[in-house]
Amino acid sequence: MSNRRQAKNRQLQTISNQLAAHGLTLRGGFAFGDEEAAPLSREGRPAKSALLVGQAGAAPWPHFMKWRQRQPRDLPNPLDTWSRQIIDEVAAHLGASAVYPSDKPYQPFQQWAMRAEGLKPSPLGILMHPEYGLWHAYRGALLFADGIPIQGVRNPIHLCDLCVGKPCLKSCPVGAHSEEGFAYEACLGHVRSADGGPCRSGGCLDRNACPYGVDYRYPAEVQAFHMASFADL
C-alpha cells in the first residue's frame with residue numbers, strides 16, 4: 001500500500017474516532033463524477049468526494065442531551081444545531097467543507113446515501129438498512145477537494161423485498177402510508193389531535209411496526225422528540 005493511501009486511511013480512522021466520541025458514525029462515501037454538478041469544497045472548487053455522517057440507533061442521544069442542558073430552552077432546531085457544531089469541527093480539522101440536509105440549496109442526501117451504502121427506500125420512504133432497519137439517520141456530509149479511499153459498495157439484500165405482510169403499511173390509524181405515498185396532512189392532523197397521543201409519546205406506529213433493526217429502535221423519548229419536531233408541538 002502506498003504511503004499516500006496509508007495516510008488517507010489513517011485520516012478516515014481519525015474522522016471515525018472523532019465522530020464516535022459524539023455517538024456519530026461515518027456512513028460511507030462516494031466520488032463525484034467529472035460531469036456532475038458537485039457542491040463546492042472548502043477551496044471553492046467542485047468537490048471530488050464526499051463522506052456521509054450519521055447515526056445508527058440512538059447512539060448520539062446521550063451526547064446531544066448533555067449538550068442540550070447547557071443551551072437556551074427556546075433554541076430552535078437543537079438537534080440540527082448540535083450536529084452542525086460537531087461536524088463543522090471535524091470538517092475544520094480536516095480542511096473539508098460540510099453540508100447538511102437542512103441547508104439551502106438542498107442537496108440530494110437520500111440519493112447520496114443510496115449511492116454511498118447501496119440502500120433502497122422502504123414503503124415509508126426511509127431507507128432500509130440491512131442491520132439498522134429504519135432506525136438510522138444522516139446528519140451531514142464532509143466534502144473534499146480531492147479523492148479519498150472509498151470502499152466499493154456491495155448492494156445489500158433489500159429487507160423490504162423479503163417482508164410479506166408489510167405491517168408498516170397497516171398500523172397507522174389514518175393510513176398515512178400507502179403504496180401511493182405519504183399522506184402528510186392526514187398524519188399531521190392525527191398527531192395533533194386528541195387521538196394522536198400514542199404517536200406523540202411513542203413515535204410513528206407504522207415505523208415501529210417494522211420487524212427489522214429492532215435492536216436499534218429509538219427509545220420512546222427520542223421518538224417523542226422527533227414527533228414533536230415534525231408536528232411543531
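So the values come out like this:
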{"quantity": "Filtered residues of region 182-233 (kept if closer than 23 Å to C163 by Cα and either part of a helix (DSSP H, G or I) or of a type in the set (S, T, N, Q) (or both))", "calculated": "L205, D206, R207, N208, A209, V214, D215, Y216"}
{"quantity": "Some residue of region 40-61 being of a type in the set (S, T, Y), in contact with a strand residue (DSSP E or B) (Cβ under 6 Å, 6 or more places away or on another chain) and closer than 22 Å to H129 by Cα", "calculated": "no"}
{"quantity": "Residue in region 65-74 that is of a type in the set (D, E, K, R) and under 19 Å from the mean Cα position of the chain (by Cα) present", "calculated": "no"}
{"quantity": "Subset of region 138-160 that is surrounded by 19 or more Cβ atoms within 10 Å (Cβ to Cβ) and either in contact with a His (Cβ under 9 Å, 6 or more places away or on another chain) or aromatic (F, W, Y) (or both) - its residue that is modelled with the lowest pLDDT", "calculated": "F144"}
{"quantity": "Residue match in region 202-219 (condition: touching a His at 6+ places or on another chain (Cβ under 8 Å), of a type in the set (F, W, Y) and within 24 Å of F64 (Cα to Cα))", "calculated": "yes"}
{"quantity": "Of the criteria (1) crowded, with 16+ Cβ neighbours inside 10 Å; (2) at pLDDT 95 or above, which one M65 fails", "calculated": "(1)"}
{"quantity": "Flag if C168 is touching a Pro at 6+ places or on another chain (Cβ under 6 Å) and buried (at least 21 other Cβ atoms within 10 Å of the Cβ)", "calculated": "yes"}
{"quantity": "Test: residue in region 72-79 that is surrounded by 15 or more Cβ atoms within 10 Å (Cβ to Cβ) and either in contact with a Gly (Cβ under 9 Å, 6 or more places away or on another chain) or touching a residue at least 24 places away in the same chain (Cβ under 8 Å) (or both)", "calculated": "yes"}
{"quantity": "Scope region 137-167; condition in contact with a helix residue (DSSP H, G or I) (Cβ under 7 Å, 6 or more places away or on another chain) and either basic (K, R) or within 19 Å of S83 (Cβ to Cβ) (or both); matching residues", "calculated": "Y138, R139, G140, A141, L142"}
{"quantity": "Criterion (modelled with pLDDT under 95, touching a Leu at 6+ places or on another chain (Cβ under 8 Å) and more than 21 Å from P219 (Cα to Cα)) met by exactly one of L52, L12", "calculated": "L12"}
{"quantity": "Matching entry among G203, G213 (being of a type outside the set (A, V, I, L, M, F, W, C), on the phi > 0 side of the Ramachandran plot and crowded, with 21+ Cβ neighbours inside 10 Å)", "calculated": "G203"}
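The values are calculated or read from the model by the stated rules, or taken from the named source; none is laboratory data. The model shown is predicted, which means the values in this text are computed figures rather than measured ones. Positions of Cβ are generated from backbone atoms using ideal geometry, with glycine treated the same way; all protein chains shown enter the neighbour counts.
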